[in-house]
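Engineer: Sending over a structure as structure tokens; questions will come in a sec.
The values are calculated or read from the model by the stated rules, or taken from the named source; none is laboratory data. This is a predicted model, so every value here is computed, not measured. We place every Cβ from the backbone using ideal geometry, glycine too, and count neighbours over all the protein chains shown.
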């Protein structure tokens, strides 16, 4: 392997969804990432990048994994232009560390991650992780304004903010966000920031599931401008707890306006304990849907027997479990859920499951284009092969 880069033999704890690599590489610079990938290209070695490892079990297991590229040493915040509300950071910086540094200047990256420890910038982008406030601020793809990546042949490419080099007209930020490490390695990212809000209030109420669609529609249209609206239903057949966040000026008065829309509930300056978190992700099913499909999604999700949590305002909920469901039962539940959700214009993706017989992605209309992009960036199929849609 490449000289000058720390390399160690892989152990059992380095396995990627059950597939154990041969080596672990720990580069400390973008140039060292490039050197590792050039070496791997010459030897036809498959590479899987990893950040905090919190989502290594998402997606499908790689077809092969020779080298685990650990980004833990690329953990510096390179530039924080507070006056311009912009930050440039290496991919191995944890979201907690980034939040703490930005808060010192009264700013934040308005991405809410579902894990309290270890989640990195690179992993957040690679899996396109979205949180409650995506309704107001957008997702990682929307807040990303520049990116530096290393392509499978070792080429360093930059796109967007702080541009040095673009690649054949591709918007690298949008391509690499949500690509599960199948196109190359995210090494640096530049984000648009927001000031920390002066105040926050959460309105929380217990509702009958039948009430949720109309209340969600009213909240989304309200001039009180909620930042997020999350639901939690630990009992698939039970009531739904709705919690709505309002931020900024006149938060107390706006919270009372939203409380009237909910019809009841308590107002607090702290979120409920479950807010924005994933409690059990051995089985994790993501459902995305238009606002018109809220009622159908809640009804279909109840039929799976899995707890539900997520945003009814931005149309994304998660069904989760600690594996208390068998392979056949889960496959049938996902198939039935997918049919009902797709009928109202939504999509179902199985982010995590311990079973090979569960269809993770379903039918993806853009798959032929995605395959062409994969061929363009990684013709040797060395980057996380098989981890993404259609075995990409």
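Engineer: Given the structure, is residue 360 in a loop (DSSP other than H, G, I, E, B), in contact with a strand residue (DSSP E or B) (Cβ under 7 Å, 6 or more places away or on another chain) and either modelled with pLDDT under 95 or not assigned by TED's automatic domain parsing to the domain that holds residue 294 (or both)?
Structural biologist: Against the criterion (in a loop (DSSP other than H, G, I, E, B), in contact with a strand residue (DSSP E or B) (Cβ under 7 Å, 6 or more places away or on another chain) and either modelled with pLDDT under 95 or not assigned by TED's automatic domain parsing to the domain that holds residue 294 (or both)), residue 360 qualifies.
Engineer: List the residue pairs whose Cβ atoms are under 9 Å apart, where the first residue sits in the stretch 342-353 and is free of Cβ contacts under 8 Å to residues at least 40 places away in the same chain, the second is surrounded by 19 or more Cβ atoms within 10 Å (Cβ to Cβ), and the two are 6 or more positions apart or on different chains.
Structural biologist: So the pair list comes out as 342/348.
Engineer: Of the residues that sit in the stretch 142-179 and are more than 17 Å from residue 375 (Cα to Cα), in a loop (DSSP other than H, G, I, E, B) and more than 17 Å from the chain's Cα centre (by Cα), which one is modelled with the lowest pLDDT?
Structural biologist: The residue in question is 164.
Engineer: A further question on this structure: Among the strands (runs of 3 or more DSSP E) confined wholly to the stretch 45-106, which include 3 or more residues that are surrounded by 20 or more Cβ atoms within 10 Å (Cβ to Cβ), touching a residue at least 40 places away in the same chain (Cβ under 8 Å) and more than 15 Å from the chain's Cα centre (by Cα)?
Structural biologist: Details: elements: 47-50, 67-70, 77-81, 86-90.
Output list reads 47-50, 67-70, 86-90.
Engineer: Oh, and also: Answer yes if at least one residue in the stretch 122-133 is outside the structural domain of residue 49 (by TED's automatic domain parsing), surrounded by fewer than 20 Cβ atoms within 10 Å (Cβ to Cβ) and closer than 24 Å to residue 171 by Cα, and no otherwise.
Structural biologist: The first filter runs over the stretch 122-133 and keeps only residues outside the structural domain of residue 49 (by TED's automatic domain parsing), leaving 122-133.
With the extra rule that they be surrounded by fewer than 20 Cβ atoms within 10 Å (Cβ to Cβ), the set shrinks to 128.
So of that shortlist, the ones also closer than 24 Å to residue 171 by Cα come out as 128.
Yes, some residue in the stretch 122-133 is outside the structural domain of residue 49 (by TED's automatic domain parsing), surrounded by fewer than 20 Cβ atoms within 10 Å (Cβ to Cβ) and closer than 24 Å to residue 171 by Cα.
Engineer: I would also like to ask the following. Scan 219, 258, 245 and give me the residue that is in a strand (DSSP E or B) and either in the same structural domain as residue 92 (by TED's automatic domain parsing) or in contact with a strand residue (DSSP E or B) (Cβ under 9 Å, 6 or more places away or on another chain) (or both). Break it down stepwise before answering.
Structural biologist: Numbers: 219 fails: in a strand (DSSP E or B); 258 fails: in a strand (DSSP E or B).
One residue alone meets the criteria, 245.
Engineer: So, one more: Return the residues of the stretch 225-250 that are modelled with pLDDT of 95 or more and more than 18 Å from residue 138 (Cα to Cα); say none if nothing qualifies.
Structural biologist: 231, 232, 233, 239, 240, 241, 242, 243
Engineer: With the requirement that a residue be without any contact (Cβ under 8 Å) to a residue 60 or more places away in the chain and farther than 27 Å from residue 73 by Cβ, what does the stretch 119-143 give you?
Structural biologist: Across the stretch 119-143, the qualifying residues are 138, 139, 142.
Engineer: Right, next: Across the stretch 321-354, what is the number of residues that are assigned to a helix (DSSP H, G or I) and surrounded by 15 or more Cβ atoms within 10 Å (Cβ to Cβ)?
Structural biologist: Here is the first cut: in the stretch 321-354, the ones assigned to a helix (DSSP H, G or I) are 327-343.
In the following step, the residues that additionally are surrounded by 15 or more Cβ atoms within 10 Å (Cβ to Cβ) were identified as 330-331, 333-334, 337-338, 340-342.
The qualifying residues number 9.
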